[in-house]
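Engineer: Quick one: structure below, then a few questions.
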Amino acid sequence: MLVDGMHVQYVLAAGLATQGSTTFNFLGAESWVFRARRVGGLRRTVVRFVAYDALNSATLIVRLPLLYVLVSGLHIHYLVANLASLCALTLLRYLVADWLIWSTRALRGRTAV
């Protein structure tokens, strides 16, 4: 939509779309995937969101150059390259989120705020 509809450059569009999808995905992870590990009130939720957003933003350091190489270097269509770059980093993001953000280790000893 950003590239074809609004003529945003594909690398910038990927970065902007990541920020939008981060919020949507966090709400899903918080509500369904890690529901049993939620502790604390709004403050702890905001801390988890900031950590999750930082994780997704940090993966852009790898994803955007990968996207650029796939599209500009290997001439793969930007939608296919975007899907490939997302798949390449999905497992990594999940493992880090499971280990750090919603970690049972990190949650031990914390009570609801």
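The values are calculated or read from the model by the stated rules, or taken from the named source; none is laboratory data. Nothing here was measured: the structure is a model prediction, and the numbers come from that model. Reconstructed Cβ throughout: ideal geometry from the backbone, glycine too, with neighbour counts over all protein chains shown.
Engineer: Considering only the stretch 32-42, I want to know if a residue exists there that is part of a helix (DSSP H, G or I), touching a helix residue (DSSP H, G or I) at 6+ places or on another chain (Cβ under 7 Å), buried (at least 17 other Cβ atoms within 10 Å of the Cβ) and at pLDDT below 90. Can you show your working first?
Structural biologist: Going through the stretch 32-42, the residues part of a helix (DSSP H, G or I) turn out to be 32-33, 35-37, 42.
This time we only want the ones that are touching a helix residue (DSSP H, G or I) at 6+ places or on another chain (Cβ under 7 Å), so: 37.
Then keep just the ones that are buried (at least 17 other Cβ atoms within 10 Å of the Cβ); that gives none.
There is no residue in the stretch 32-42 that is part of a helix (DSSP H, G or I), touching a helix residue (DSSP H, G or I) at 6+ places or on another chain (Cβ under 7 Å), buried (at least 17 other Cβ atoms within 10 Å of the Cβ) and at pLDDT below 90.
Engineer: Taking the stretch 73-113 as the search range and keeping residues that are of a type in the set (S, T, N, Q) and over 17 Å from residue 49 (Cβ atoms), which one is modelled with the lowest pLDDT?
Structural biologist: Going through the qualifying residues, I end up with 111.
Engineer: If I filter the stretch 57-105 down to residues being within 17 Å of residue 37 (Cβ to Cβ) and charged (D, E, K, R), which single residue comes out as surrounded by the fewest Cβ atoms within 10 Å (Cβ to Cβ)?
Structural biologist: The selected residue is 105.
Engineer: Just to check your reading of the model, which residue among 23, 90, 18 is part of a helix (DSSP H, G or I) and touching a Ser or Thr at 6+ places or on another chain (Cβ under 8 Å)? Quick ask: steps written out before the conclusion?
Structural biologist: Working: 23 fails: touching a Ser or Thr at 6+ places or on another chain (Cβ under 8 Å); 90 fails: touching a Ser or Thr at 6+ places or on another chain (Cβ under 8 Å).
Selected residue: 18, the only one of 23, 90, 18 that is part of a helix (DSSP H, G or I) and touching a Ser or Thr at 6+ places or on another chain (Cβ under 8 Å).
Engineer: For residues in the stretch 1-13 being part of a helix (DSSP H, G or I) and in contact with a helix residue (DSSP H, G or I) (Cβ under 6 Å, 6 or more places away or on another chain), which is nearest to residue 93 (Cα to Cα)?
Structural biologist: 11
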